[in-house]
Amino acid sequence: MSRQDKLLTAAVLFMIVVAVAFAAIYRSDHTGKLVYNQHLEETVLIVDGRELTLGDLAVYIAYEEQLVEQQALAYDYSNPEAYWNVYLNNGGFVKLLAKQAVIDMAVHDEIFYQMAQQEGIALEDEDLEELSMTQEDFWLDLSEYGRQHLGVTREQLDVELEKKALAEKYQQIYAESQHSDFDGYNTGERPYEKLLEQHSYQIKEKLWERIDFGNITLTH
């Protein structure tokens, strides 16, 4: 390849990169939505003083999108997007309820994770073996598109799944100490809601509202 051809190729590649960048900016400016994987370092949630970024919520976003999509395919295999816009009897559209579930899960796990750390609780060998399988399954369940648009590495997801596992371990310990069962401290349950009153959290609403949930690891 001649020097002129190399320069021409480099110029074409540069123009493609610029076009992609402008397309992302256009999408953000004209739809009001943010490109999720370009804002991973921005704080979206503060739980008991600890800041959680959009990247920290990647596990919950991927999990909830995949869960709802399974339901959507069962609802209408040829047009799963229709399910995301269904209004449910419990008072909300599927997409918005699922998006709220991401926040609820993240707050829940952060509370129990912090409590576990304060008590010096750690995962044991049996826990770690189960965690390893969960991490592997979680990664394999993501499509190549999902991995790319989620924008975090497998190592980052593994760290968040480990924190989630520790939170679940302490949830069991705490439930037993309160003479309750594990499920009583799931999100939405009365014992957990009473515990939640002892903690504080804040959502960065302006940022969270601009996240196009349902179109991060999926495309509709």
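The values are calculated or read from the model by the stated rules, or taken from the named source; none is laboratory data. Remember, predicted model here, so these are calculated numbers, not experimental data. Backbone-built Cβ (ideal geometry, glycine too); neighbour counts: all protein chains shown. Heavy atoms of the whole protein, side chains included, go into the accessibility calculation; ligands, DNA and RNA do not. Shrake-Rupley method; radii C 1.70, N 1.55, O 1.52, S 1.80 Å.
For region 30-46: of the residues being out of contact with any strand residue (DSSP E or B) (no Cβ under 6 Å at 6 or more places or on another chain) and of a type in the set (S, T, N, Q), which is least open to solvent (accessible area, probe 1.4 Å)?
37
Based on this model, can you work out whether residue 49 counts as open to solvent by less than 20 Å² (accessible area, probe 1.4 Å) and either in contact (Cβ under 8 Å) with a residue 40 or more places away in the chain or at positive phi (or both)? First the steps, then the outcome.
Values: open to solvent by less than 20 Å² (accessible area, probe 1.4 Å): no; either in contact (Cβ under 8 Å) with a residue 40 or more places away in the chain or at positive phi (or both): yes.
The answer is no for residue 49.
Could you grab me the full set of residues in region 55-68 that are more than 23 Å from residue 155 (Cβ to Cβ) and surrounded by 19 or more Cβ atoms within 10 Å (Cβ to Cβ)? Before the answer, list the steps.
In the first step, residues of region 55-68 are kept if they are more than 23 Å from residue 155 (Cβ to Cβ); the result is 67-68.
Matches in region 55-68: 68 only.
Tally the residues that are without any contact (Cβ under 8 Å) to a residue 24 or more places away in the chain, part of a helix (DSSP H, G or I) and not hydrophobic (A, V, I, L, M, F, W, C), restricting the search to region 149-184. Before you say what the answer is, go through the steps one by one.
Here is the first cut: in region 149-184, the ones without any contact (Cβ under 8 Å) to a residue 24 or more places away in the chain are 153-155, 158-159, 172, 175-184.
Okay, now just the ones that are also part of a helix (DSSP H, G or I), so 154-155, 158-159, 172, 175-177, 182-184.
Imposing the further condition that a residue be not hydrophobic (A, V, I, L, M, F, W, C) reduces the set to 154-155, 158, 172, 176-177, 183-184.
Here the count works out to 8.
With respect to residue 205, determine if the residue is out of contact with any helix residue (DSSP H, G or I) (no Cβ under 7 Å at 6 or more places or on another chain), under 25 Å from residue 37 (Cα atoms) and open to solvent by 60 Å² or more (accessible area, probe 1.4 Å). Walk me through it before giving the result.
On the way: out of contact with any helix residue (DSSP H, G or I) (no Cβ under 7 Å at 6 or more places or on another chain): yes; under 25 Å from residue 37 (Cα atoms): yes; open to solvent by 60 Å² or more (accessible area, probe 1.4 Å): yes.
Yes.
Which condition breaks for residue 134 when tested against (1) open to solvent by 70 Å² or more (accessible area, probe 1.4 Å); (2) more than 24 Å from residue 41 (Cβ to Cβ)?
(1)
Inspect region 124-138 for any residue being over 16 Å from the mean Cα position of the chain (by Cα), touching a residue at least 40 places away in the same chain (Cβ under 8 Å) and either in a helix (DSSP H, G or I) or under 15 Å from residue 187 (Cβ atoms) (or both) and give the result as yes or no.
For region 124-138, residues over 16 Å from the mean Cα position of the chain (by Cα), touching a residue at least 40 places away in the same chain (Cβ under 8 Å) and either in a helix (DSSP H, G or I) or under 15 Å from residue 187 (Cβ atoms) (or both): present.
Just to be sure, is residue 69 in a helix (DSSP H, G or I) and either free of Cβ contacts under 8 Å to residues at least 40 places away in the same chain or under 22 Å from residue 201 (Cα atoms) (or both)? Give the steps one after another, and end with the answer.
On the way: in a helix (DSSP H, G or I): yes; either free of Cβ contacts under 8 Å to residues at least 40 places away in the same chain or under 22 Å from residue 201 (Cα atoms) (or both): no.
So residue 69 does not fit the description; no.
Results for (1) buried (at least 19 other Cβ atoms within 10 Å of the Cβ); (2) at negative phi; (3) modelled with pLDDT of 95 or more; (4) not hydrophobic (A, V, I, L, M, F, W, C), shown as yes or no for each residue.
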{"site": "98", "(1), (2), (3), (4)": "yes, yes, yes, no"}
{"site": "110", "(1), (2), (3), (4)": "yes, yes, yes, yes"}
{"site": "118", "(1), (2), (3), (4)": "no, yes, yes, yes"}
{"site": "140", "(1), (2), (3), (4)": "no, yes, yes, no"}
{"site": "144", "(1), (2), (3), (4)": "no, yes, yes, yes"}
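Just give me the residues in region 74-92 being of a type in the set (Phe, Trp, Tyr) and open to solvent by 50 Å² or more (accessible area, probe 1.4 Å), in sequence order.
Narrowing region 74-92 to residues of a type in the set (Phe, Trp, Tyr): 75, 77, 83-84, 87.
Scanning region 74-92 gives 75, 77, 87.
Confirm whether residue 125 is charged (D, E, K, R), surrounded by fewer than 13 Cβ atoms within 10 Å (Cβ to Cβ) and farther than 18 Å from residue 166 by Cα.
Numbers: charged (D, E, K, R): yes; surrounded by fewer than 13 Cβ atoms within 10 Å (Cβ to Cβ): yes; farther than 18 Å from residue 166 by Cα: no.
Considered against the rule, which asks whether it is charged (D, E, K, R), surrounded by fewer than 13 Cβ atoms within 10 Å (Cβ to Cβ) and farther than 18 Å from residue 166 by Cα, residue 125 comes out as no.
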